[in-house]
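For reference, the structure is listed below as structure tokens.
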Amino acid sequence: MTAVFAIDACRTPVGKIKGSLAAVRPDHLTADVIARAAVTQPWLDAARIDDVYWGAANQAGEDNRNVARMGVLLAGLPVEVPGATVNRLCGSGPGGDRQRRSGDRGR
């Protein structure tokens, strides 16, 4: 079995309809968090990241895409690093954790 490591856990700001985050795309929020992890975890070598799991709730319209993959690319990680968005509404975090621990990379 391959060892799996969760290097950080955090959440982006919570917005409201027509609030201050209305013009900010979810993939840009994701990229900010991923890029900050690279800065705050200096031992982390981006080239050794095998996968990024990202929990997102209730994407719709233009934002209904793979936020994790877009965040990985916008954060400047190598193009070879895949990203998987887990949409379980309120349970996206626990669902992603179960998927990550089981080794199911969706491929």
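A few notes on this one:
- Shape category assigned to region 1-54 from the gyration tensor of Cα positions, a/c cut at 1.5: prolate
- Using the average count of surrounding beta-carbon atoms within 10 Å as a protection proxy, the listed peptides 47-56, 17-26, 73-82 rank, highest first, as 47-56, 73-82, 17-26.
- Close amide H contacts of GLY55 (hydrogens built in the peptide plane, cut-off under 5 Å, sequence separation of 5 or more or a different chain): VAL86.
- Between LEU21 and ALA35, the contour length at 0.36 nm per residue exceeds the Cα-Cα span by 3.2 nm.
- A crude spin-label estimate for the pair LEU44 and THR2, with each label 7 Å from Cα along the Cβ direction, gives 1.8 nm.
All of the numbers you see were taken from the coordinates with simple rules; none came from a lab. The shown structure was predicted, so the numbers you read here are calculated from the model rather than taken from an experiment. As a convention, Cβ positions derive from the backbone with ideal geometry for all residues, glycine included, and neighbour counts pool all protein chains shown.
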